[in-house]
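Encoded as structure tokens, the structure appears first; notes follow it.
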Amino acid sequence: GESVGLHLPTLSVQEGDNSIINCAYSNSASDYFIWYKQESGKGPQFIIDIRSNMDKRQGQRVTVLLNKTVKHLSLQIAATQPGDSAVYFCAESFTGGGNKLTFGTGTQLKVEL
Amino acid sequence: DAGVTQSPTHLIKTRGQQVTLRCSPKSGHDTVSWYQQALGQGPQFIFQYYEEEERQRGNFPDRFSGHQFPNYSSELNVNALLLGDSALYLCASSLTGTHEQFFGPGTRLTVL
């Protein structure tokens with residue numbers, strides 16, 4: 001079936017460096033994508049979203065890039081901080097499919113001091 | 001705004017038992033979705049409720065059922081529990097017609 005997957009299960013970065021978390025999706029009908037951050041013992045926390053009519057969207061210290069040609073999504077975190085350590089999930093949905101979200105397996109981001 | 005709340009936080013059951021989990025959506029939201037998250041995995045969609053009816057369902061057996069009340073809160077019921085039902089159960093609320101979903105902290109269910 002359709003799925004969203006991640007290339008790297010674990011990413012380690014030094015504090016202050018930029019982080020890039022990648023995601024591949026397979027449903028070409030998907031028109032909405034979200035990045036969530038999940039800390040241990042907590043529910044997923046919304047970070048940033050992007051619609052399929054956009055290629056890039058920026059938030060506070062975060063940027064999401066969407067490449068529909070290769071069905072690829074990335075999350076860039078600038079000046080990574082220890083508080084950014086968590087598991088990051090990308091998720092997709094499509095208009096006409098309700099707003100059911102399909103998640104990947106996640107990437108563990110570890111920030112080293 | 002309290003956001004999405006779920007109860008209980010943790011729950012331990014034995015195989016064959018039944019369980020009910022509860023969710024109160026974020027203020028102003030009318031749609032509730034339930035997800036199951038196994039350890040080390042991403043959340044998997046169970047079903048979604050809107051206007052007190054199940055609107056969408058994922059690939060879960062009939063042992064999983066739900067309900068939505070007039071105040072938009074929701075319950076997830078699981079019958080004949082199996083060891084494999086052990087997971088974090090997440091509730092997410094949204095406003096119909098929008099994509100953005102807000103998640104609660106989850107209920108950790110352990111089946112022994």
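The values are calculated or read from the model by the stated rules, or taken from the named source; none is laboratory data. Only a predicted model underlies this, so the values are computations on that prediction, with no experimental measurement involved. Please note: Cβ atoms are built from the backbone with ideal geometry, for glycine as well, and neighbour counts cover all protein chains shown. Calculation scope for accessible area: heavy atoms of the full protein, side chains included, ligands and nucleic acids excluded. Shrake-Rupley method; radii C 1.70, N 1.55, O 1.52, S 1.80 Å.
With the charge dipole of segment A:4-98 set up from +1 on Lys and Arg Cβ and -1 on Asp and Glu Cβ about the Cα centre, the Cα lying farthest toward the positive end among the listed residues A:Gln38, A:Asn22, A:Val87 is that of A:Asn22. For segment B:44-72 versus segment B:1-39, the inter-centroid distance based on Cα atoms is 12 Å. Shape class for segment A:23-103: oblate, because the ratio a/c of the largest to smallest gyration tensor axis (alpha-carbon atoms, square roots of eigenvalues) is 1.5 or more and b/c is at least a/b. With the convex hull drawn over the C-alpha atoms of segment B:31-105, the volume per residue is 94 Å³. The heavy atoms of A:Lys68 present about 90 square angstrom of accessible area, all protein chains included, probe 1.4 Å.
About the centre of its Cα atoms, chain A shows a dipole size close to 220 debye [charges on the beta carbon of Lys, Arg (+1) and Asp, Glu (-1) only; nearest 20 debye]. Across segment B:65-78, coupling constants 3J(HN,Hα) worked out from phi with the 6.51/-1.76/1.60 Karplus curve, θ = phi - 60°, read 9, x, 7, 10, 9, x, 8, 6, 5, 9, 10, 10, 10, 10 Hz, and Gly and Pro carry x. Could you tell me what percent of the DSSP beta bridges with both partners in chain B are antiparallel, to the nearest 5? For chain B, the DSSP antiparallel bridge percentage is about 90. Once all protein chains are placed together, A:Arg51 keeps about 110 Å² accessible to a 1.4 angstrom probe.
In order along segment A:56-73, the phi-based Karplus estimate (6.51 cos²θ - 1.76 cosθ + 1.60, θ = phi - 60°) of 3J(HN,Hα) comes to 8, 8, 10, x, 7, 6, 10, 9, 10, 10, 10, 10, 6, 4, 10, 6, 10, 10 Hz; Gly and Pro are listed as x.
Averaged over the residues of peptide A:98-111, the number of Cβ atoms from other protein chains lying within 10 Å of each residue's Cβ is 5.
Which aspartates and glutamates, on any chain, are close to A:Lys37 with Cα under 16 Å apart, when same-chain ones fewer than 8 places away are left out? Hits, sequence-local ones excluded: A:Asp49, A:Asp84, A:Glu92, B:Glu100.
In debye, nearest 20, what is the charge dipole magnitude of the protein assembly as shown about its Cα centre with +1 on Lys and Arg Cβ and -1 on Asp and Glu Cβ, if you could check?
Numbers: 18 positive and 20 negative charges, 61 e Å.
About 300 debye.
Solvent-accessible surface of protein heavy atoms, probed at 1.4 angstrom with all chains present, puts B:Glu51, A:Glu112, B:Glu75, A:Glu92 in the order B:Glu51, A:Glu112, B:Glu75, A:Glu92, largest first. Residue-wise HN-Hα couplings along segment A:17-31, as the Karplus relation 6.51 cos²θ - 1.76 cosθ + 1.60 with θ = phi - 60° gives them from phi, are 6, 8, 10, 10, 10, 10, 8, 10, 10, 10, 8, 5, 7, 5, 10 Hz; Gly and Pro carry x. Where in segment B:61-90 is the amide nitrogen less than 16 Å from a point lying 7 Å along the Cα-to-Cβ axis of B:Asp30? Output list for this probe position: B:68-74. Taking all protein chains together and rolling a 1.4 Å probe, B:His99 ends up with roughly 20 Å² accessible.
Note that segment A:39-113 presents 50 Å² accessible area per residue, ligands and nucleic acids not counted, probe 1.4 Å. If amide H atoms are built 1.01 Å from N in the plane of the peptide, which residues on other chains or at least 5 residues away come under 5 Å of the amide H of A:Leu11? The answer is A:Gln108, A:Leu109, A:Lys110. With both labels modelled 7 Å from their Cα along Cα-to-Cβ, the B:Thr98 to B:Thr9 distance reads 2.8 nm. Note on A:Glu15 and A:Glu112: the model spin-label points, each 7 Å out from Cα along the C-beta direction, lie 1.4 nm apart. Checked against a 26 Å cut-off, the cross-linked pairs A:Lys42/A:Lys68; A:Lys42/A:Lys71; A:Lys42/A:Lys100; A:Lys56/B:Lys26 give Cα-Cα distances beyond that limit for A:Lys42/A:Lys68; A:Lys42/A:Lys71; A:Lys56/B:Lys26.
If you count, for every residue in B:33-39, the Cβ atoms of partner chains within 10 Å of its Cβ, what is the mean?
Details: counts 4, 0, 5, 0, 6, 0, 0.
For peptide B:33-39, the averaged partner shielding equals 2.
In this simple spin-label approximation, A:Arg51 and B:Asp62 carry label points 7 Å from Cα along the Cα→Cβ vector, and these lie 4.0 nm apart. Here the dipole of chain B is about 480 debye; that uses its Cα centre as origin and unit charges on the Cβ of Lys and Arg (positive) and Asp and Glu (negative). On a C-alpha basis, how far is the centre of segment A:15-37 from the centre of segment A:41-113 in Å? Whole number, if you could? The distance from the Cα centre of segment A:15-37 to that of segment A:41-113 comes to 4 Å. Semi-axis lengths, largest first, of the ellipsoid equivalent to the protein assembly as shown are 29, 20, 16 Å, with √(5λ) applied to each eigenvalue of the Cα gyration tensor.
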